[in-house]
Amino acid sequence: MFDILTRAGCFVAIIVIGYVLRKVGFFKEGDFGVLSKIVIKITLPAAIITSFSGKNIDVSMLSLALIGLGCGIIYMICGYLLHRTQGKEVQAFAVVNTSGYNIGNFTLPFVQSFLGPMGVITASLFDTGNACICLGSAYSIGAMIKDGNGFSFKRIIRSLSKSVPFCCYIMMITLNLLNISLPSPIVSCAEIIGNANAFLAMLMIGVGFKLSGDKEQIGSITKILVARYALATVFALIAYFVLPFELEVRQALVILLFSPIASAAPAFTNDLKGDVGLSSAINSISIICSIVIILVLLIVML
C-alpha cells in the first residue's frame, strides 16, 4: 500500500508542479497546446508501440475495444438526453464533455506503474475503442447536433483518420494479429521516447488545469459529473464481477472506467464555439475525482 501511495503521490506532485509553473509564468496558457501535441503525436504513439511490441494478443481480448467504444456511446446518449430540454447547442456541448476517457494522457501512466504488461495491453485495447469516441466521433456528432445537418459516417471517419494515436493503435493491433514484428531499432527508439509519456502527460495536465470560478456553472458541472461517475460505477461493477477475463484484466478495466473526461474535450469545445471555461472546469474537476477514486481502488484491489 505504501508503494501505491508513493507512486500516486509522485503523479499528483508532477501535476502540481505543472500547475505551479504555469502560475509563476514559466509556462504560458498557450504552452498547453504545445505539450499536448508532443504527448498526443509523439510520446503517446511511442508508448503504444512499446506496449504492443513483443506481446501476443488473444483475439478474444479485442472485445475490450468494443467495451471502450460502447461506454463512449452510452455516455454520449446520456449527455444528450440529460440536456434534451436545453437546446441543440447545450446538447452538443454535453455530448463532447460527457463522453470519452483520458486514458493515454492520464490513466495509462497509472496502469504502466501498477498493473504490468497485461494491464497496459488492456488499456491500449480499451483505448482503441475509446479513441473512436474522444478523438473524433464525439466532436463530429456534437457538430452535427449543433448544425442540424444530420448524421454522417464520412465526417466521423475523416476525423479519426487524422488522429495519430488512433492510427497507431490500429497499426499495432493489425501487425500483432499478423505476427509481424517491428525492427528492434524502431522499438528501442520508441521505448526511449515512450518512457517520457508518463511525466509529460502529468505535467501537461497540470499546465492545463483550470477552474472558471463561475458559480452559475456549478449546476452544469455537478449534473455532468454525477451522471458520468454513476455510470462508471455501474460499468465497473459489471466489469469486475461479470466479465469473463482474468483478474489482472478486470482490475485494469475498473481503473480505466473511472478515468477522467478526455483531455481533448476543451479543444473540441472550442472548435464548436462552446463554453471553453465550463469545459475546462468539468475536465479539471474530473481529474481530481479520478485521482482520488483510482487511488482508493488501487489500494483496495492490489
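FYI, it's all coordinate maths here, none of it is from the lab. All of these numbers come straight from a predicted model, not from anything done at the bench. Cβ coordinates were reconstructed from backbone atoms using ideal geometry, including for glycine residues, and neighbour counts include every protein chain displayed.
For the reader, a short list of remarks on this structure follows.
- Gain in span if fully extended, Val296 to Ile57, counting 0.36 nm per residue against the direct Cα distance: 83.1 nm
- GNM remark for the chain: springs join alpha carbons under 10 Å apart, and the peak mean-square fluctuation among Ala262, Ala232, Ala138 falls on Ala232.
- Calculated mean residue ellipticity at 222 nm for the chain: -23000 deg cm²/dmol, from DSSP H runs with n ≥ 4 weighted as -39500 (n - 2.57), summed, divided by the residue count and rounded to 500.
- Convex hull (Cα only) mean projected area of region 73-188, reported in nm² to one decimal: 8.7 nm²
- Relative protection proxy for 294-302, 153-161, from highest mean packing down: 294-302, 153-161 (other beta-carbon atoms within 10 angstrom).
- Where GluC sites (Glu not before Pro) fall in DSSP loop in region 206-261, at most 16 other Cβ within 10 Å: Glu246
- Counting only lysines at least 8 places from Lys210 when in the same chain, those with an alpha carbon closer than 30 Å to its own are Lys23, Lys28, Lys37, Lys41, Lys88, Lys146, Lys162, Lys223, Lys273.
- For Tyr101, the residues whose modelled amide H falls within less than 5 Å of its own, excluding neighbours fewer than 5 places apart on the same chain, are Cys134, Ala262.
- Using θ = phi - 60° and Karplus 6.51 cos²θ - 1.76 cosθ + 1.60, couplings along region 287-302 (whole Hz; Gly, Pro as x): 5, 4, 4, 5, 4, 5, 5, 5, 4, 4, 5, 5, 5, 6, 7, 9
- The chain shape via C-alpha gyration tensor axes, a/c threshold 1.5: rounded
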